[in-house]
1. With only alpha-carbon pairs counted, each pair once and no self-pairs, how large is the Kirkwood hydrodynamic radius of the range 89-162 in angstroms?
2. Which order do the peptides 136-149, 7-20, 72-85 come out in when sorted by mean C-beta neighbours inside 10 angstrom, highest first?
3. So if each residue of separation counts as 0.36 nm, and I subtract the Cα-Cα distance between Leu102 and Ser33, what length gain in nm does that give?
4. For Lys139, what charge total do you get from the other residues with a beta carbon under 15 Å from its beta carbon, if Lys and Arg give +1 and Asp and Glu give -1?
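Throughout, read-outs are computed from the coordinates displayed, never taken from laboratory work. Model, not experiment: these values are computed from the prediction. As a convention, Cβ positions derive from the backbone with ideal geometry for all residues, glycine included, and neighbour counts pool all protein chains shown.
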Amino acid sequence: LVEKGLDKPIELNCSVLGYDDCVEASPIEMPLSSEEFLDFSEKYLADGGSKGMASLHRVLPAPIEDTLRDEIQEMSRKIFTMLDCKGVVRIDYMFDRVDGKLWITEINTIPGSLAFYLWAEAGVNYAALIDRMVVYAEKAFEDRNNASYAYTSDILKNVSIGGAKGAKGAKGTKLGR
């Protein structure tokens, strides 16, 4: 795997919640690190590690320009829709301060802590987040069950598979000769 190197990028994360065309993006967070990149300890063990990513040190909402915020939220909604996601995801980005480019690093289809801390910032508490995810799961179950089709056809009605003579035909020779 070869990737473009970035010199001191800013990590930015956005969660998306929804189903089909009903999709919304959370506020953007900027995880903080004492090093150039977050390591496992900073991501998952900060403050004793009992809350996973929720215990990570971050700035929320991220102190970024409105245009960059809007670009990340729009891109996040498009990614969610294009990948046919359901429920909640978190999409992580790196922003290159030198050339102003935004890079997608990964999509977390089952984000740690369900990214509830991002939704809390948007006024959606944990119980409401879970309730919405249950509604989306029920809808996905219903949609999947309604997607089964059965067709009745008589296309093979007059077809016979060899009978007592098998596939060799009436004279004992192979078919097609």
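1. Numbers: mean 1/r = 0.0583 Å⁻¹.
After inverting the mean inverse Cα-Cα distance, the result is 17.1 Å.
2. Values: 136-149: 10.4, 7-20: 19.6, 72-85: 16.1.
Those peptides, ordered most packed to least, come out 7-20, 72-85, 136-149.
3. Working: separation 69, 0.36 × 69 = 24.84 nm, distance 1.90 nm.
Result for the pair: 22.9 nm of gain on full extension.
4. On the way: positive: Lys86, Arg132, Arg144; negative: Asp20, Asp21, Asp84, Asp131, Glu138, Glu142, Asp143.
It works out to a net charge of -4.
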